[in-house]
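Notes to accompany the following structure.
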């Protein structure tokens, strides 16, 4: 019989999440031991983290672009208006009112 335990002992060689987190500020010295990590996700003032983080509920991947940057690069299908025919428009070419409407729709709010 095989038993799988989820969330058991963490691996010692697991990577540090802070290295790829948008909320982390990392200061490194010449040696491997010389490292100071500050986290801005957990409090108003940056908190010093004294250990390698393997799991974090506030982790935001810095390797992925933020939503507004993706929106500016996206091609958006718009309906026909007085000013423009129906079709695809770059997000960066939208009017401010249209951007706000799309952002509201993406959040699920009316």
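The values are calculated or read from the model by the stated rules, or taken from the named source; none is laboratory data. Bear in mind the structure is a predicted one, so any value in this text is a computation, not a measurement. So basically every Cβ, Gly included, is an ideal-geometry build from the backbone, and we count neighbours across all protein chains shown.
Figures for the structure shown
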quantity	calculated
Residue under evaluation residue 105, criteria (1) out of contact with any strand residue (DSSP E or B) (no Cβ under 6 Å at 6 or more places or on another chain); (2) closer than 30 Å to residue 15 by Cα, criterion not met	(2)
Single residue of 85, 96, 66 found to be modelled with pLDDT of 75 or more and more than 21 Å from the chain's Cα centre (by Cα)	96
Qualifying positions in region 33-57 - part of a loop (DSSP other than H, G, I, E, B), under 17 Å from the mean Cα position of the chain (by Cα) and at pLDDT 90 or above	40
